Amino acid sequence: MNSPNRGEESPKEEPDRDKDAAEESESKRLLPSQSPSPSSDDENEVAFESREKVVIVDLETPESILNVDYVPPFSWKKLWLFTGPGFLMSIAFLDPGNLEGDLQAGAIAGYSLLWLLMWATVMGLLIQLLSARVGVATGRHLAELCREEYPTWARLVLWFMAELALIGADIQEVIGSAIAIQILSNGALPLWAGVLITASDCFVFLFLENYGVRKLEAVFAVLIATMALAFAWMFGDTKPNGKELLIGILVPRLGSKTIRQAVGVVGCVIMPHNVFLHSALVQSRDIDPKKRGRVQEALNYYTIESSVALLVSFMINLFVTTVFAKGFYGTKQANNIGLVNAGQYLEEKYGGGLFPILYIWGIGLLAAGQSSTITGTYAGQFIMGGFLNLRLKKWLRALITRSFAIVPTIVVALVFNTSEASLDILNEWLNVLQSIQIPFALIPLLTLVSKEHVMGVFRIGPTLEKLAWTVAALVIVINGYLLLDFFVSEVKGLLFGLFICIWTAAYIAFIVYLISRGGALPSTWFSIELSKRFSANGT
């Protein structure tokens, strides 16, 4: 019997071929549209080039290679390879703005808001995991997806709002670094000089990036460890009350005099630019998006890594809050303490010692400021490139992004360096600016992560969708309260009041547009409610 020719197929091979074709067709149907192929990289902006990605080493059997649903078993080595993006993301929970919120919450509310700090961190973790999910499952980051999802005018408004949020956060971070430099130089370097020194981190960032993603992540690990060590040292020096600390974490308490601090604790956790950033950072690992099992594996490891990173950030925030709760709660200085004078108050309260607490505070603040400004530069590149699809050299894009924040910051440093009170007022305005931008990151994220044509099988289910929207609504309402409280106390004059009213109407209209355009709110809420009403009428 003659063997079949090379061009012919045996009858046995035909069912196998049909089975493979069916599996491939089903995989394409269930998986979201993926990132562009390497050939189209010249036309589309990408978070990381293929050569820049960390390769996930794996030993596979032939069966597991062919199975798109195969999830490899847990490996500590793999967890180490996936570790990095979550810690870069966690920097936003530790920036100078958050530290100021911590110290004010501790000084004014004592230990009573520690439970809120914990649950706010949990809410932040949920939002960041959804951001990571979008990045891993689609192979594109949130800014890129917004570019495709929304019409040009809406996309440009979202980009403008994201840039405003980034500039506001960057001003706080750079000012925080400049204050730390002023402390560590014994006042020899003025605030504007500290701003210029901090501006140079753009070039440090570019230098580090040339050595690969893992080297950059290692530098951030050192900065986070520096913060943890500095603030843990302060925590040990001040010896907070352990019983009150435990009660503060486990027992929810909220007094009428601490509402503003409570709002500040929650408002500082969700940073708009960080939502965009995390969806891009997770793409630094080389994951085949066509294999559902590998995508699920990456999501599992990123969940573990992000949870550990935010646990570390919670502990650092806890240290800062409890140090100021122990030292200043119930004192006359409590209502006057801020980022500028915190070190001075600590020095007066606890003295010098072997290593003066003022310098420990300065070191921790400098690590927080420097790390957050570098991640701000990173986020700015992704936001600009994603929304506008700009193919620029990294040094040029980093320089443009940095200039957006540094130029206003130098102006701010020169104008507001007249007194501590003026910097505190500036910080309040910047917090308001951040609060305004939150819906323009959360609503697109929750809209996209629940769409099957975007996420495929990795779209979130109805229960998680409801939970995510509840958290988002809670954060937006809390920040809305902060805005209302601020404008009622600060807005004076008919003309300015009229402007604020017009602006508020446009702001709310755009939020309504974002929600309605994508069918963003979970439809199950309405369907369940309608079914209840119909059943009630029927009976």
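The values are calculated or read from the model by the stated rules, or taken from the named source; none is laboratory data. Because the structure is predicted, anything quoted here is derived from the model rather than measured. Positions of Cβ are generated from backbone atoms using ideal geometry, with glycine treated the same way; all protein chains shown enter the neighbour counts. To get the accessible areas, we keep the full protein, side chains included, count just its heavy atoms, and leave off ligands, DNA and RNA. Shrake-Rupley method; radii C 1.70, N 1.55, O 1.52, S 1.80 Å.
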Condition check for residue 500: under 21 Å from residue 438 (Cβ atoms), modelled with pLDDT under 80 and either loosely packed, with under 15 Cβ neighbours inside 10 Å or aliphatic (A, V, I, L, M) (or both): yes
Leading residue by the ranking (modelled with the lowest pLDDT) among those in the stretch 394-428 that are closer than 15 Å to residue 96 by Cβ and either open to solvent by 60 Å² or more (accessible area, probe 1.4 Å) or touching a Ser or Thr at 6+ places or on another chain (Cβ under 7 Å) (or both): 420
Evaluation of residue 198 against (1) among the hydroxyl-bearing types (Ser, Thr, Tyr); (2) within 29 Å of residue 323 (Cβ to Cβ); (3) open to solvent by 40 Å² or more (accessible area, probe 1.4 Å) (one fails), failing number: (3)
Subset of the stretch 244-265 [more than 26 Å from residue 480 (Cβ to Cβ) and β-branched (Val, Ile, Thr)]: 247, 249, 251
Qualifying residue in the stretch 356-370 (condition: aromatic (Phe, Trp, Tyr), surrounded by 24 or more Cβ atoms within 10 Å (Cβ to Cβ) and either assigned to a helix (DSSP H, G or I) or touching a residue at least 12 places away in the same chain (Cβ under 8 Å) (or both)): yes
Candidate set from the stretch 278-328 (those that are in contact with a Lys or Arg (Cβ under 8 Å, 6 or more places away or on another chain) and of a type in the set (A, V, I, L, M, F, W, C)); member that is farthest from residue 445 (Cα to Cα): 328
Within the stretch 61-101, tally of residues that are among the polar types (S, T, N, Q), modelled with pLDDT under 90 and not in a loop (DSSP other than H, G, I, E, B): 2
Candidates 331, 322 - the one that is buried (at least 21 other Cβ atoms within 10 Å of the Cβ) and more than 20 Å from the chain's Cα centre (by Cα): 322
Condition check for residue 182: modelled with pLDDT under 90, part of a helix (DSSP H, G or I) and open to solvent by 30 Å² or more (accessible area, probe 1.4 Å): yes
Number of positions in the stretch 246-301 that are farther than 20 Å from residue 118 by Cβ, in a helix (DSSP H, G or I) and open to solvent by 60 Å² or more (accessible area, probe 1.4 Å): 4
Any hit, the stretch 202-225, residues being open to solvent by less than 20 Å² (accessible area, probe 1.4 Å), under 15 Å from residue 362 (Cα atoms) and out of contact with any Gly (no Cβ under 9 Å at 6 or more places or on another chain): yes
Residue check for residue 317: exposed (fewer than 15 other Cβ atoms within 10 Å of the Cβ), assigned to a helix (DSSP H, G or I), modelled with pLDDT of 80 or more and polar (S, T, N, Q): no
Residue, modelled with the highest pLDDT, within the stretch 340-355, restricted to residues that are of a type outside the set (Gly, Ala, Ser) and in a loop (DSSP other than H, G, I, E, B): 341
Residue satisfying all of: in the stretch 185-220; of a type in the set (Gly, Ala, Ser) and more than 23 Å from residue 355 (Cβ to Cβ); modelled with the highest pLDDT among these: 218
Which numbered condition residue 104 fails, given (1) at pLDDT 90 or above; (2) within 26 Å of residue 426 (Cβ to Cβ): (1)
Residue 228 part of a helix (DSSP H, G or I), touching a Leu at 6+ places or on another chain (Cβ under 7 Å) and surrounded by 14 or more Cβ atoms within 10 Å (Cβ to Cβ): no
One residue from 457, 449 being at pLDDT 75 or above, in contact with a Leu (Cβ under 7 Å, 6 or more places away or on another chain) and open to solvent by 20 Å² or more (accessible area, probe 1.4 Å): 457
Residues that are open to solvent by 10 Å² or more (accessible area, probe 1.4 Å) and either under 11 Å from the mean Cα position of the chain (by Cα) or at pLDDT below 90 (or both), drawn from the stretch 127-139: 129, 139
